[in-house]
Amino acid sequence: MANDTTVSNKMPKGIPYIIGNELAERFSYYGMKTILVVFMTQYLMNRQGSVDPMTDADATTWYHYFSMANYFFPILGAILSDVLWGKYKTIITLSVVYVLGHVALAMDDTRLGLSIGLTLIAMGSGGIKPCVSAHVGDQFTKINKHLLEKIFGYFYFSVNLGAAASSLLTPVLLERYGPHLAFGVPGFLMLVATIVFWMGRKVFVAVPPVGWKQYKNDVFSKQGRKAIINLSIMYVFIAVFWSLFDQTGSSWVLQAEKMDKFVNLGFVKFELLASQIQAINPLLIMIFIPLFTYVLYPFANRFFKLTALKKIIIGMFIAGFSFALLAIAQYQISAGGTPSILWQFFAYIILTAAEVMVSITGLEFSYTQAPNSMKSFIMGLWLLSVALGNFITAQVSSNLQNFITIGTPTFFWFFAGLMFVTAIVFMLIASRYKEESYIQNREEKPKPLGNDISDLEGVDNK
């Protein structure tokens, strides 16, 4: 065992494969998701071959139910990983399901193809989510655990690099070549992601599944119950943040369709497609990650200790202001005006700052608060908060249309107010939370996974 006083600044060997996989996988996911609402409202066909688009409200509901499913399946993927297969086998198996979902979307542009494709993608993408992030943390030991914050930053950077590239490319492919190629390219990138991950199988650290007996004992132990109950309460409040954030692919796109998308910065002029505006978020993320990590957080810590929970609380308050800004822009649209897309640009700056403080911090916080045998399960609970957030938006869009109609200032004001109230209550709840710190305690040397799929992650369930 490594001496507790030893410190290493060397990154684990499996990290490049995980980062490369995440880059390609996020390109495929966000490439598909970026054009989803535009596809449903403009390109969707019926079985007779005629265009049969959805209404804005229906497309928004479908979009958020898909997002909800995408973040519900992580809890099932986590159980598969922790109890039966281990993280590697779960990721590689569900990645194949993921690829098949993209194939269905690319080949069939009707509601049937949409339903099959989105279901398979939700199962595949959702199932691997908690495993990938937990798999990152598993590569570290006590001697290099201080690198966790940095590597989760790199991890999130790769997510947003892939998202930015696909958010700019796939809307162009959809407009110029139609949905078959626009959905086909993300599908190909998902195949690439699966291959890259498979290439790292010999250097990944393999934390084997604990089996159902041990898993049940851990979950229902005093330590396990405490982690689940305390974190679940917090995740319910964080879900409201996700109900706002994930609207960048629905209500924000629909608002952008009614805006002046011609941008004149003096030294450069260009016109955006409505769905391309989403690329601003990942581009800003890649700027904000080093800015917050190396400048803003150290500066704030000179005056007071900026804990993970304090970062999340501040981020929640900030998120509400982005929707307040869009509500003001929506007043102009409702009055017959055509406000500049720059309104959304500034709203994205605000929301992205909130995302850095809530999402990245929450990801690292969730890993450290999870007992070692429950890493994927707790990550699944974290992602379940995203599902709950999308469920909230879907319910508002489908069941409260007569009171809170999408595309009106009231719609944006409602979510801004909901976020402010939630942040205040969450601040009170978080003040009573006692933080833990669980890091895998094992030898530094990785256990090779081998070439035989039956040997992956040590599927001995004793």
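Structure above, values below:
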item	result
Separation between Cα centres of segment 173-187 and segment 314-388, rounded to whole Å	28 Å
Computed lengthening from His180 to Phe262, 0.36 nm per intervening residue step minus Cα-Cα distance	26.8 nm
Alpha-carbon centroids, segment 76-94 and segment 100-133: separation in whole Å	18 Å
Residues Val236 and Ser340, FRET efficiency given R0 of 56 Å [Cβ-Cβ distance, rounded to 0.05]	0.95
Helix-only CD estimate at 222 nm, as mean residue ellipticity for the chain, using -39500 (n - 2.57) per DSSP H run (n ≥ 4)	-22000 deg cm²/dmol
Note, ³J(HN,Hα) from phi for segment 257-270, Karplus 6.51, -1.76, 1.60, rounded to Hz, x at Gly and Pro	4, 9, 9, 7, 8, 7, 10, 10, 9, x, 8, 8, 10, 7
Placed amide H near Ser340: partners under 5 Å, 5+ positions off or other chain	Asp260
At R0 = 25 Å, FRET efficiency that the Cβ-Cβ distance of Ile195 and Met107 yields, to 0.05	0.70
Size of electric dipole in segment 221-265: Cβ of Lys, Arg +1 and of Asp, Glu -1, about Cα centre, debye, nearest 20	420 debye
Flagged links, alpha-carbon separation over 19 Å, of Lys89/Lys222; Lys13/Lys150; Lys33/Lys269; Lys13/Lys87; Lys226/Lys310; Lys33/Lys129	Lys89/Lys222; Lys33/Lys269; Lys226/Lys310
Relative contact order (%) - the chain, alpha-carbon pairs under 8 angstrom, separation at least six	28 percent
FRET efficiency, 1/(1 + (r/R0)^6) with R0 56 Å, evaluated for Asn46 and Leu296 via beta carbons	0.65
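Throughout, read-outs are computed from the coordinates displayed, never taken from laboratory work. Just so it is clear, the structure is predicted and the values come from calculations on it, not from any experiment. Using ideal geometry, Cβ is built from the backbone for each residue, glycine included, and neighbour counts are taken over all protein chains shown.
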